[in-house]
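Working notes, structure below.
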Amino acid sequence: MGKKVKTSRKGKKAWRANISMEDIHDYFEKSTKDALSGGSLASVPTESLFFIDKSKDLSVKRKIEKKREKVLRVDSVLKKNPFVEAVPSSKQKDSKKKKKEALKAKDVVVQDVPKDDSTPDSGMVPLWGNQGQQSGKARQACKQSIIPAVEVEPPGCSYNPSFESHQDSLAQAVAEEMQKVYKNELGPQPVPLTVMGEVIDEDDKYFMEADDGSDDEMNEENLSEKEDTLTEKRPSKTRRVTRVELNKRARRKELQRKEAEAKRAKELSEDIDTLPDILQEIAKEDEEKQKKHLRRVIAKQERLKACPPRLGKYKFQPAPPQVLLSEELTGSLRKLKGCATLARDRFKSLEKRGLIPPSAKTGRK
């Protein structure tokens with residue numbers, strides 16, 4: 001750019017022509033605009049310029065809710081279809097009590113977990129669940145078996161037992177085997193499928209059927225003859241009852257009624273006199289019932305210790321006791337004969353505790 005041309009300022013007329021008036025014009029324009037808009041903002045106090053907006057913008061809220069309502073295709077596939085009914089076998093048949101407990105547990109979980117406003121309210125549930133959040137359904141506790149997982153054998157079953165304990169274990173094993181033998185020999189015989197006998201010819205069958213028919217006819221004839229004789233012996237006319245006999249019957253009935261009432265009153269008075277004895281008898285009966293109930297409970301527990309409840313088609317057959325014979329006793333663990341019964345023992349333990357149903361014996365093919 002070149003140098004600015006210098007102008008002359010000798011007279012008043014030249015001074016007015018060469019001085020810039022832009023600042024003055026801008027000020028006047030700004031003052032007119034402020035007057036038209038309501039005044040200058042510099043003179044307005046700060047409280048009137050700024051305020052807290054407490055009103056709700058409904059349009060923005062509707063836009064946000066509309067955006068949240070949108071569900072992706074992958075999420076809509078996982079949602080439950082209201083028009084498709086569930087399979088009947090998959091529905092749990094819980095009692096009312098269990099349903100109430102599940103609802104209570106669910107309410108407790110919902111109250112404990114704070115609601116997160118940042119997550120969209122689309123009705124979707126996380127597939128793997130939140131960590132530390134419990135499920136609403138009450139978990140059913142499994143019954144613990146009375147029988148221990150590992151049972152300790154008697155001391156006579158050891159590889160180096162004492163003489164008395166070894167003889168006791170042997171006697172018990174022999175008694176169990178003999179009991180099985182006696183049960184097979186003396187038990188009830190099964191019903192035979194076929195009955196042994198001679199073959200009957202067709203002619204003999206015909207004669208047997210004819211004999212059966214004649215006997216029936218003879219019986220019917222004898223019955224009809226007896227009925228005829230009874231009807232002949234019956235009197236043809238009924239005797240008229242007089243007034244005297246009717247009075248006698250009425251007096252007899254009244255006397256019997258009074259005797260019955262007197263007898264009942266006498267029994268009642270005797271019962272009242274023997275009331276302490278009756279109370280003692282009732283107390284004895286209650287005590288006997290309690291003892292009987294206790295014996296049943298103990299017997300049931302002993303029965304459950306011996307064998308589990310019936311689970312499947314076959315009954316539980318306990319394994320024979322692992323007792324060494326007298327000639328097999330060596331007294332040393334190194335000389336003990338090997339026996340692969342560990343897996344069978346664990347399998348029998350599972351069956352005895354009722355964890356798996358017993359199976360039939362299958363031989364090797």
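Odds and ends about this structure:
- Pairs where the first residue, in the stretch 339-361, is surrounded by 11 or more Cβ atoms within 10 Å (Cβ to Cβ) and the second is assigned to a helix (DSSP H, G or I), C-beta under 6 Å, 6+ apart: I356/L350; P358/E351
- Filtering K313, K284, K289 for residues that are exposed (fewer than 12 other Cβ atoms within 10 Å of the Cβ), out of contact with any Lys or Arg (no Cβ under 7 Å at 6 or more places or on another chain), of a type in the set (K, R) and touching a residue at least 40 places away in the same chain (Cβ under 8 Å) leaves a single hit, K313.
- Matching option when the condition is assigned to a loop (DSSP other than H, G, I, E, B) and modelled with pLDDT of 70 or more, among V181, V191: V191
The values are calculated or read from the model by the stated rules, or taken from the named source; none is laboratory data. Predicted model, so just to flag it, every value in this text is computed and none were measured. Every residue, glycine among them, receives a Cβ derived from its backbone with ideal geometry; neighbour counts consider all protein chains shown.
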